[in-house]
Amino acid sequence: MTRRSSFAAGARDTLPMVIGAAPFGVIFGTLVAAGPLAAWQGQLMSLSVYAGSSQFIALGLVAGHAGLAVIWLTTLIVNLRHALYAATLLPHVAHLPARWRWTLGFFLTDETFAVMAGYYARQPRAPLGHWYFLGSCLSMYANWQFWTLVGLLFGAAFPQLQSLGLDFAMVATFIAIVVPQLASLPNFAAAVAAGGVAYLGQDVPYKLGLMAAVVAGVAVGMALQRWRSGGLEAGRREEEAA
């Protein structure tokens, strides 16, 4: 496989995520067009921030005249999950030059993480995996920019677009991301713990409930993973002793 074919494969395998994110981008552009930000500011946010959930939250806080510190803190908390994504994928990209790691880190999203987690599970030592990674990243990035622009340009013609339920496409996308990861007990238990804490903490200000959900999910998943690894190691020792 060549660099070009690896890049194309990454873009191709991300296509279902691209389709799911499209309505989300249109809705964001529409909300910007109807809100306090200028169109160029909304597009610049998509270009430089490139984090859908944080962009929506920031837009709402700007409309509510929140202070800059509140906006920064809230979006930071929401985006902390990306640090977990990066830590998970780091063993597969640690050998790359810094320019590659920084580039892939900037473009890393929920959708690309799901694609890459599946890819590295199948091919943990793929020599051109970073080109596949880049193909996934850039297809999602171009998609987000395009649909943001569509929302900015045509959102005024459909002022109630966000009420049509198109945002469910993103919910469906996240379901598609999460469900394939639930094949093992640690992952399933982590998802249940995180979901429960997120539900109970949904009214906590500044989205701190999400941070608590992340901590709970990671703690439960790691505890079960260590417990299972310890059990397997004990079983091996017993077999060797026998």
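Key figures for this structure:
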read-out	value
First in the range 185-208 and in contact (Cβ under 8 Å) with a residue 40 or more places away in the chain and farther than 26 Å from A66 by Cβ, second anywhere and open to solvent by less than 60 Å² (accessible area, probe 1.4 Å) and of a type in the set (V, I, T), Cβ under 9 Å, 6 or more apart	P186/V220
Test result for M211, within 16 Å of the chain's Cα centre (by Cα), modelled with pLDDT under 85, assigned to a helix (DSSP H, G or I) and buried (at least 17 other Cβ atoms within 10 Å of the Cβ)	yes
Hits in the range 89-106 (condition: in a helix (DSSP H, G or I) and in contact with a helix residue (DSSP H, G or I) (Cβ under 7 Å, 6 or more places away or on another chain))	L89, H92, V93, W100, R101, L104, G105
Test: residue in the range 85-105 that is under 30 Å from A33 (Cβ atoms) and either at pLDDT 90 or above or out of contact with any Leu (no Cβ under 8 Å at 6 or more places or on another chain) (or both)	no
Close pairs from the range 145-156: first modelled with pLDDT under 90, partner not small (G, A, S), Cβ under 7 Å, at least 6 apart	G155/T30; G155/L161
Number of the exception - T88 against (1) free of Cβ contacts under 8 Å to residues at least 60 places away in the same chain; (2) crowded, with 16+ Cβ neighbours inside 10 Å; (3) of a type in the set (V, I, T)	(2)
Where C137 falls short, out of the listed (1) over 13 Å from the mean Cα position of the chain (by Cα); (2) touching a residue at least 12 places away in the same chain (Cβ under 8 Å)	(1)
Positions within the range 33-74 being closer than 13 Å to Q145 by Cα, in contact (Cβ under 8 Å) with a residue 12 or more places away in the chain and over 23 Å from the mean Cα position of the chain (by Cα), in sequence order	A39
Pair list, Cβ under 6 Å, 6 or more apart: the range 95-122 residue in contact (Cβ under 8 Å) with a residue 24 or more places away in the chain, other residue assigned to a loop (DSSP other than H, G, I, E, B) and buried (at least 16 other Cβ atoms within 10 Å of the Cβ)	V115/T14
Index of the failed condition, P97 passing every other in (1) closer than 29 Å to F7 by Cα; (2) over 21 Å from the mean Cα position of the chain (by Cα); (3) crowded, with 19+ Cβ neighbours inside 10 Å; (4) not polar (S, T, N, Q)	(3)
Residues of the range 107-154 satisfying the condition of being outside any helix (DSSP H, G or I) and either open to solvent by 20 Å² or more (accessible area, probe 1.4 Å) or over 23 Å from P23 (Cβ atoms) (or both)	Q123, P124, R125, A126, P127, L128
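The values are calculated or read from the model by the stated rules, or taken from the named source; none is laboratory data. In this text the structure is predicted, and so the values were computed from the model without any measurement. Positions of Cβ are backbone-derived with ideal geometry, glycine not excepted, and every protein chain shown enters the neighbour counts. Just the protein is used for accessible areas: all its heavy atoms, side chains included, with ligands, DNA and RNA removed. Shrake-Rupley method; radii C 1.70, N 1.55, O 1.52, S 1.80 Å.
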